[in-house]
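Some notes on the structure that comes next.
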Amino acid sequence: MIDHLVYKNRRYHHFWLRDNCQCEQCRHTSGQRLHETWQLNFAVAIEQINATPLGLEILWSGDDRHRSFFSKQFLAQHCYDEESTTAQQEADSRQLWGTALTDNIPCFDYLKVISDDEEKRQWLNSVITYGLAKLINVPIEPGTILKVVGQFGYVRTTNYGDLFEVLSVKKAVNLAYTPIPLSLHTDNPYRNPVPTLQLLHCLVKADSGGVTALADGFYAAEILRRDYAEAFKLLASEKVDFKFASENAILQHKGCMIEVDPGGQVTAIRINNRSVAAFDLPFAKMLPYYRAYRQFMSILQGDDCKVTLTLAAGELILFDNQRVLHGREVQAIGARHLQGCYADRDGLRSTAALLNALLD
Ligand code: OGA
Ligand code: NM2
Ligand code: ZN
Ligand code: ZN
């Protein structure tokens, strides 16, 4: 039995077409589906088909004699008869980067971003493409970081607050709140879900030290996959535990240091030397896992991946916390004050999509 048709050299299953009927019985004015996919006749057949200059008209056989119309634009947009998947397209739109980005970090002016939609769109699209962008001329008024988040989305409040003060304090609950250097990491891997975006805003720069390190974890993961395939496999398949505990929070989550989707695309990185718990792996995998972890860290911290910069007062970085690792190098001398804040990708992508639709 024939279960599909061919239109402009692409195959479309009859059932897929019936399910995606755009008529007013099948779609609410909001665009949302009205019929229940699981209740449609799986053996649906076509009685009559008409190719017009605008698209395809179909009369379905059987009792309901339903009529569908598919515009040629709709069919072109949804030609699933191809190798490339949505995940692949998403990965293709990313620009992986290494140390060469040092002098080319996407950089925008706060005042332009808040007053010009085109500038804002480029800022947000940079975060989607590179996983990070820098803002300059951000007022050093405490709390401004919340206004920056308000430009594209919503604050992700955690046990650290709406925003957190990165300052050296006496009784620190986290190494963050000491002057100690921090190797490249992603924040909060002990949380599920992990905050997908992070912002760091410099209010006061240290007299010396307090250097910011950044690395594209997806780029480093591809180097590991190419040069140490077994190591990549271990980090992408064995879960380890991450933990954080203080007076007001007990957090724990198990995850892979490199997360991949079923198609093999890297989707997230979880690295945090401070908070990864004692490895609890099968005996035979313990040393190979350590070796793999060390290899990945040396790639990340090495000369090919890492970018360093010292944030000046009024500078802010916004980055994807599941892709771009950050760290702090060289013990800070003198007062240093950053404000940090978490947010999520969905809000940023939504704002970028609205601006892209408006300005294209
Ligand atoms: C942190 C952190 C960065 C810095 O606290 O997790 O990455 O520059 N801080 O202090
Ligand atoms: N702070 C800065 O994920 C981490 O524990 C990194 C987070 C305390 C909010 C530090
Ligand atoms: Zn219909
Ligand atoms: Zn951090």
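The values are calculated or read from the model by the stated rules, or taken from the named source; none is laboratory data. Since we're looking at a predicted model, the values are computed, not measured. Note that each Cβ is placed from the backbone with ideal geometry, even for glycine, and that neighbours are counted across all protein chains shown. Each accessible area value is taken on the protein alone, full model and side chains, heavy atoms only, with ligands, DNA and RNA left out. Shrake-Rupley method; radii C 1.70, N 1.55, O 1.52, S 1.80 Å.
Here are some notes:
- Cβ separations smaller than 6 Å between residues 6+ apart or across chains give the following pairs from segment 156-184 residues that are of a type in the set (Val, Ile, Thr) to residues that are not in a helix (DSSP H, G or I): 166/338; 166/340; 173/246; 178/168; 178/172.
- Scanning segment 197-217 for residues that are closer than 18 Å to residue 131 by Cβ and away from ligand 4 (no atom under 14 Å from the Cβ) returns a single hit, 216.
- Some residue of segment 122-134 being charged (D, E, K, R) and over 22 Å from residue 340 (Cα atoms): no
- Only listed residue being away from ligand 3 (no atom under 16 Å from the Cβ) and open to solvent by less than 20 Å² (accessible area, probe 1.4 Å), chosen from 199, 175: 199
- Selected residue (only one of 357, 352, 343 is in contact with a Phe, Trp or Tyr (Cβ under 7 Å, 6 or more places away or on another chain) and at pLDDT 95 or above): 343
- Only listed residue being exposed (fewer than 10 other Cβ atoms within 10 Å of the Cβ) and free of Cβ contacts under 8 Å to residues at least 40 places away in the same chain, chosen from 29, 37: 29
- Of everything listed in (1) near ligand 3 (Cβ under 10 Å from one of its atoms); (2) charged (D, E, K, R); (3) farther than 16 Å from residue 75 by Cβ, the single unmet condition for residue 19 is (3).
- Verdict on residue 214 being within 16 Å of ligand 1 (Cβ to nearest atom), assigned by TED's automatic domain parsing to the domain that holds residue 273, at negative phi and of a type outside the set (Ser, Thr, Tyr): yes
- Residue that is nearest to ligand 1 (Cβ to nearest atom), among those in segment 40-56 that are under 14 Å from residue 74 (Cα atoms) and assigned to a loop (DSSP other than H, G, I, E, B): 54
- On the stretch given as segment 224-268, residues that are surrounded by fewer than 20 Cβ atoms within 10 Å (Cβ to Cβ), within 22 Å of residue 94 (Cβ to Cβ) and in contact with a Cys (Cβ under 9 Å, 6 or more places away or on another chain) total 1.
- Number of residues in segment 326-360 that are under 12 Å from the mean Cα position of the chain (by Cα) and either open to solvent by 30 Å² or more (accessible area, probe 1.4 Å) or not small (Gly, Ala, Ser) (or both) equals 5.
- Residues satisfying the stated conditions in segment 5-39, i.e. part of a loop (DSSP other than H, G, I, E, B) and either charged (D, E, K, R) or within 16 Å of ligand 1 (Cβ to nearest atom) (or both): 8, 24, 36
- Residue ID - farthest from ligand 3 (Cβ to nearest atom), chosen from residues in segment 1-10 that are more than 12 Å from residue 70 (Cα to Cα) and either free of Cβ contacts under 8 Å to residues at least 40 places away in the same chain or surrounded by 14 or more Cβ atoms within 10 Å (Cβ to Cβ) (or both): 9
- Residue 220 vs. criteria open to solvent by less than 10 Å² (accessible area, probe 1.4 Å), within 24 Å of residue 308 (Cβ to Cβ), more than 16 Å from ligand 3 (Cβ to nearest atom) and in a strand (DSSP E or B): no
- The listed residue being under 27 Å from residue 43 (Cβ atoms), at pLDDT below 80 and either within 16 Å of ligand 1 (Cβ to nearest atom) or outside any strand (DSSP E or B) (or both), out of 81, 63: 63
- Residues of segment 322-360 classified as in a strand (DSSP E or B) and within 16 Å of ligand 2 (Cβ to nearest atom), total: 13
- Flag for residue 101 being of a type in the set (A, V, I, L, M), more than 16 Å from ligand 2 (Cβ to nearest atom) and within 30 Å of residue 303 (Cβ to Cβ): yes
Per-residue answers, yes or no, for (1) assigned by TED's automatic domain parsing to the domain that holds residue 15; (2) within 14 Å of ligand 3 (Cβ to nearest atom); (3) open to solvent by 20 Å² or more (accessible area, probe 1.4 Å); (4) closer than 30 Å to residue 14 by Cβ:
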| position | (1), (2), (3), (4) |
| --- | --- |
| 44 | yes, yes, no, yes |
| 62 | yes, yes, yes, yes |
| 77 | yes, no, yes, yes |
| 83 | yes, no, yes, yes |
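- Wholly within segment 224-275, strands (runs of 3 or more DSSP E) carrying at least 2 residues that are small (Gly, Ala, Ser): 239-246, 249-256
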